[in-house]
Amino acid sequence: MKKLKFPTAQTILIIIAGLVAMLTWFVPSGKYDSLSYSKSENTFTQTSLSKTTTLTASQETLDVLEIKIPLQKFTSGDIWKPISIPNTYKQVEAKPQGIFAFIKSPIKGIIEGADIIFLVLFIGGIIGVINYTNAFDAGIAWLAKTLKGYEYVLIILVTTLIAIGGTTFGLAEETIAFYPILIPIFLAAKYDAMVPLASIYIGSSIGTMCSTTNPFSSIIASDAAGINWTTGISGRFIMLGLGTLICILYIIRYAQRVKKDPAKSIIYDQKEEIEQHFGNATNSDLTLTTRLRLILFVFISCFIVMIYGVSQMEWWFLEMTVVFFIGAIAIGIIGQIKEHIFVDLFVKGAGDLLGVAIIIGIARGITILMNDGQISDTILFYASNATTGMHKGLFINAMLYIYGGLSFFIPSSSGMAVLTMPIMSPLADGVGIGRELIVNAYQYGMGIFAFINPTGLILASLAIVKVGYNKWLKFVMPLVIILTLFTMAALTISVYL
């Protein structure tokens, strides 16, 4: 009898999509009314199932609707998405998603996720072009010599820098670009591919989990909760520092064990396959010429420009994709690559990441199934009612788990904030704690579950590294348990301070 293999990321997501479609047959459909602000008209629009009402954009309107958010948060553009209106939930006619809706959901998801999908494909294109020049191989060989004996510095630097990106401007989807670059460097340092995967993904996860100035998480959630985003920021900085330290020590401990004995690697059976795919460059004969240095400079500059644009100029996936496209052309010119060869390299490189793009689309399709089945608001309604009458210590920890569970259905941090904060944050008033603690529970709950959330980014990341979800769970679950206990202790202490 052949040994059963763990299913691929695509199959896992298709199974989840099927289960979600079945869920729409059993969970009652329901909706909250929503409120959106029109800057051009300076009016609010209240949308319910039966009608749409235009309201005066005033604080009085917000007070009548029991929305405890200052008007200025809307007029300044801090809240740019429709928010849920408290106490407006109502059950509606069921919209169960049948077999045809299930089959269409991945296609709908690919169409809806076209922005990030094209970014991934163009990143694959530029990787294909730069690999042809041998610039990566030469740079990795040079770095391996430079860091000899101090390879662990790579783990500290990568995890810390990506965590900083996560906490400041929500570096998450963009990290997909880093895997093809950093994995060969870590392999040359005699680590396995799990180490760069962990450094990048866990760095991003702990950073976004402990967001401080992240506009897509802490700022929009605080605004939607009706508090200043700086309220509670000192506690988040402490969580960021301690959480990042725990993650770095965890990764280093595993990395050093693998370095001493490669057979201790969780993915040891894939060692040759992964090294062959990523080209474990340790060839000391490769020389980092001026031309190759210039190519690497252009490539690294793409990331610097991308990060600056996202954090300072409100860029999104379209602009990021253009940066990598221009970078690929510039590298082709510097590398004196003929036009027909350049096109072949770019297309082949994009094709290498097509599987990742499809995973992103299928995951997006799951969200579409839930929205079309109108069960997301129902789950939110029952989750908010579940905490009624709880002691504040139990309440805040229940919120942690509720947000972790909700993030399976709503993996978007900004989407979660505007949907849930107007409903959840007033619950803090009833138990006598600050609303910033609800923001913390939202961030920490989503953040911890993000380490393993199959509807988030992890399956797409694993597909790039060619590591199975089961092996990732084996690696990361002890860390998830440690962080969960640490976070519960921190939240419990915070409600009594």
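The values are calculated or read from the model by the stated rules, or taken from the named source; none is laboratory data. Keep in mind the model is a prediction, meaning the values are calculated, not measured. Don't worry about glycine lacking a Cβ; one is built from the backbone with ideal geometry, like all the others, and counts go over all protein chains shown.
Per this entry, Glu112 is counted among residues that are assigned by TED's automatic domain parsing to the domain that holds Ile360 and at pLDDT 85 or above. Evaluate the following for Tyr191: is it of a type in the set (Ser, Thr, Tyr), in a loop (DSSP other than H, G, I, E, B) and under 21 Å from Leu147 (Cβ atoms)? Answer is yes for this residue.
I'm trying to understand the selection: among the residues of the range 174-201, which are of a type outside the set (Asp, Glu), within 16 Å of Ala163 (Cβ to Cβ) and either modelled with pLDDT under 85 or out of contact with any Phe, Trp or Tyr (no Cβ under 6 Å at 6 or more places or on another chain) (or both)? Matches in the range 174-201: Thr175, Phe178, Leu182, Leu197, Ala198, Ser199, Tyr201. The set of residues in the range 329-359 being under 23 Å from the mean Cα position of the chain (by Cα) and not in a helix (DSSP H, G or I) consists of Leu353 alone. When the range 181-205 is filtered for residues that are touching a Gly at 6+ places or on another chain (Cβ under 8 Å) and closer than 21 Å to Ile116 by Cβ, the ones remaining, listed by number, are Gly203, Ser204, Ser205.
All conditions in (1) over 24 Å from Phe409 (Cα atoms); (2) buried (at least 22 other Cβ atoms within 10 Å of the Cβ); (3) of a type outside the set (Gly, Ala, Ser) hold for Lys466, with the sole exception of (2). Summed over the range 360-380, residues that are part of a helix (DSSP H, G or I), more than 23 Å from Ile117 (Cβ to Cβ) and not polar (S, T, N, Q) total 4.
Identify, from the list Phe297, Phe325, Phe317, the residue that is in contact with a Leu (Cβ under 7 Å, 6 or more places away or on another chain) and within 27 Å of Gly165 (Cα to Cα). Of the residues listed, the single one that is in contact with a Leu (Cβ under 7 Å, 6 or more places away or on another chain) and within 27 Å of Gly165 (Cα to Cα) is Phe317. Of the candidates Leu240, Leu245, the single residue that is within 30 Å of Ile433 (Cβ to Cβ), in contact with a Cys (Cβ under 9 Å, 6 or more places away or on another chain) and not acidic (Asp, Glu) is Leu240.
One residue alone among Leu394, Leu406 is touching a residue at least 12 places away in the same chain (Cβ under 8 Å) and either closer than 15 Å to Ala441 by Cα or within 24 Å of the chain's Cα centre (by Cα) (or both), and that residue is Leu406.
From the list Ser29, Ser58, Ser38, the lone residue that is touching a Ser or Thr at 6+ places or on another chain (Cβ under 9 Å), small (Gly, Ala, Ser) and surrounded by 13 or more Cβ atoms within 10 Å (Cβ to Cβ) is Ser29. All of Phe303, Phe299 fail the test of being in the same structural domain as Ile123 (by TED's automatic domain parsing), surrounded by fewer than 20 Cβ atoms within 10 Å (Cβ to Cβ) and not hydroxyl-bearing (Ser, Thr, Tyr), apart from Phe303. Which of the following residues is farther than 26 Å from Ala141 by Cα and part of a helix (DSSP H, G or I): Ala255, Ala221? After ruling out the rest, the residue left standing is Ala221. For the range 50-71, the count of residues that are of a type in the set (Val, Ile, Thr), outside the structural domain of Ser384 (by TED's automatic domain parsing) and in a loop (DSSP other than H, G, I, E, B) is at least one. The set of residues in the range 451-486 being assigned to a helix (DSSP H, G or I) and among the aromatic types (Phe, Trp, Tyr) consists of Tyr469, Trp472, Phe475, Phe486.
Does Ala224 satisfy the criteria of being farther than 22 Å from Tyr179 by Cα and of a type outside the set (Val, Ile, Thr)? In short, yes. Scanning the range 293-333 for residues that are among the aliphatic types (A, V, I, L, M) and touching a residue at least 60 places away in the same chain (Cβ under 8 Å) gives Ile295, Leu296, Met306, Ile307, Val310, Leu318, Met320, Ala328, Ile331. The numbered conditions (1) in a loop (DSSP other than H, G, I, E, B); (2) modelled with pLDDT of 90 or more; (3) touching a Phe, Trp or Tyr at 6+ places or on another chain (Cβ under 8 Å) are all true for Leu288 except (2). Do we have any residue at all in the range 87-101 that's of a type in the set (Lys, Arg), touching a Gly at 6+ places or on another chain (Cβ under 7 Å) and part of a loop (DSSP other than H, G, I, E, B)? Checking the range 87-101: at least one residue is of a type in the set (Lys, Arg), touching a Gly at 6+ places or on another chain (Cβ under 7 Å) and part of a loop (DSSP other than H, G, I, E, B). Taking the criterion of being within 29 Å of the chain's Cα centre (by Cα) and either of a type in the set (D, E, K, R) or outside any helix (DSSP H, G or I) (or both), the only residue of the range 138-166 that qualifies is Glu151.
The single condition among (1) assigned to a loop (DSSP other than H, G, I, E, B); (2) more than 18 Å from Met446 (Cα to Cα); (3) in contact with a Phe, Trp or Tyr (Cβ under 8 Å, 6 or more places away or on another chain) that Val310 does not satisfy is (1). Looking across the range 206-236, the residues that are buried (at least 24 other Cβ atoms within 10 Å of the Cβ) and hydroxyl-bearing (Ser, Thr, Tyr) come down to Thr208, Ser211, Ser217, Ser218, Ser222. If you check Ile227, Ile248 for being assigned to a helix (DSSP H, G or I) and in the same structural domain as Ala141 (by TED's automatic domain parsing), only one passes: Ile248. Does Leu353 count as surrounded by 18 or more Cβ atoms within 10 Å (Cβ to Cβ) and closer than 18 Å to Leu459 by Cα? When the stated conditions are applied, Leu353 passes them. Ile366 meets the stated requirement of being modelled with pLDDT under 90, in contact with a Leu (Cβ under 9 Å, 6 or more places away or on another chain) and of a type in the set (A, V, I, L, M).
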